1. By counting other Cβ atoms within 10 Å of each Cβ, how are Tyr278, Tyr236 ranked from fewest to most?
2. 222 nm [θ] for the chain, helices only, -39500 (n - 2.57) per DSSP H run of 4+, per residue, to 500?
3. Would you pull out the residues with amide H under 5 Å of Thr8's amide H, same chain only if 5 or more places away, H placed 1.01 Å from N?
4. Could you let me know the centre-to-centre spacing of the stretch 1-63 and the stretch 214-272, using Cα atoms, in angstrom?
5. Assigning unit charges at the beta carbon (Lys, Arg +1; Asp, Glu -1) and nothing else, what dipole magnitude in debye, to the nearest 20, does the chain show about its Cα centre?
6. Using the Cα centre of the stretch 163-279 as origin and beta-carbon charges of +1 (Lys, Arg) and -1 (Asp, Glu), tell me which of Ser180, Ile279, Ala245 is placed farthest towards the positive end of the dipole.
7. Enumerate lysine pairs in the chain that are 8 or more residues apart or on different chains, then count those whose Cα atoms are under 16 Å apart.
8. With the crude spin-label approximation of a point 7 Å out along Cα→Cβ, what separation in nm comes out for Glu171 versus Ile71?
Amino acid sequence: MPCQLCGTEGPVKAVNFRQNIGMLVARRSATIEGELCRPCIGRVFRSYTFTTLVLGWWGTISLVLTPLILISNIAQYFSSLGLSEPGISAMDRPIAATPPPLAGAVPFKINITVGAILVCIGLGIVAFNHVEAVEKIAPGLNATLHQGPITDESDGEYVGMQIWKDIGVLEADIKSKAWSDIRKELLAREPSLTDFNAQNKTFQERLVVERNANLGAGDVCENLALTELGPALKDYGAAMNEMFAFIKSAPELTSEKATAVDALADRETTSVKELQAYIQHNRSRGCNK
């Protein structure tokens with residue numbers, strides 16, 4: 001019996017392959033149904049299934065239809081695997097040498113190109129909105145995605161995460177006893193202070209925007225950030241910058257400088273207590289959820 005697609009005489013099987021291309025608010029579909037030979041079944045399956053796999057998801061209806069079409073196409077293909085290849089006599093038919101183009105088929109290069117673009121866009125969206133996960137895997141990517149001013153919640157989440165991370169490094173226990181070793185240990189933390197200053201600057205600029213928009217008027221959590229967190233971070237930054245400036249200028253610790261260190265340490269402790277008070281108030285009002 002001749003294949004209804006290429007005309008080759010030989011073993012055929014009734015199959016029905018479908019293809020879907022989602023276009024957000026519309027979609028385009030194609031169907032090939034009939035008695036097909038094994039080579040045409042493979043050709044249709046590869047073209048229609050791959051196109052649907054790459055381009056079929058983009059739309060509400062398409063999102064539902066695509067997995068059903070993929071499952072159906074795979075089932076149709078596997079049910080035809082027992083079909084024999086056309087006999088040697090099929091080689092005498094010129095029509096079999098040049099199979100007709102498939103209706104609605106998308107060229108392979110276009111599939112690959114569009115698929116790669118869509119995958120990159122999808123990964124970018126996921127990365128942009130899952131800040132903590134990306135920070136563990138690719139912190140450099142996180143920094144690239146969220147550099148600049150805070151414009152949305154994920155930007156704010158990233159800045160806040162970096163600020164607390166920097167504070168954690170700066171407030172880590174000091175293991176050394178002698179001043180020279182203490183000084184060396186503290187100066188090794190200066191990159192965290194540099195990052196803290198940059199992140200805090202971005203955060204303080206966002207607070208100005210929120211104050212001007214009066215966002216704290218009806219939101220307890222916003223009000224805490226405006227009235228407690230912002231000032232506490234500003235005080236902490238000022239205390240730490242002054243502390244590090246002093247440490248750089250004091251390779252040796254005289255009694256006079258020791259008194260100055262104690263005063264700076266007290267100022268740092270006061271600013272840390274302000275941050276701790278904010279954290280407690282934040283938790284008590286359920287703002288850390």
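What follows draws every value from the coordinates through simple rules; no lab data is involved. Since the structure is predicted, the reported quantities are computational estimates derived from the model, not experimental observations. Reconstructed Cβ throughout: ideal geometry from the backbone, glycine too, with neighbour counts over all protein chains shown.
1. Details: Tyr278 20, Tyr236 23.
The order, fewest Cβ neighbours first, is Tyr278, Tyr236.
2. Details: 12 runs with 183 residues, N = 289.
Helices in the chain give a 222 nm mean residue ellipticity of -21000 deg cm²/dmol.
3. Cys3
4. Rounded to whole Å, the Cα centres lie 67 Å apart.
5. Details: 27 positive and 31 negative charges, 247 e Å.
Dipole magnitude for the chain comes out near 1180 debye.
6. The Cα lying farthest towards the positive end belongs to Ser180.
7. Details: Lys136/Lys165; Lys165/Lys201; Lys175/Lys184; Lys184/Lys248; Lys201/Lys234; Lys234/Lys273; Lys248/Lys257.
Taking the Cα cut-off of 16 Å, the pair count is 7.
8. In this crude spin-label approximation the distance works out to 5.2 nm.
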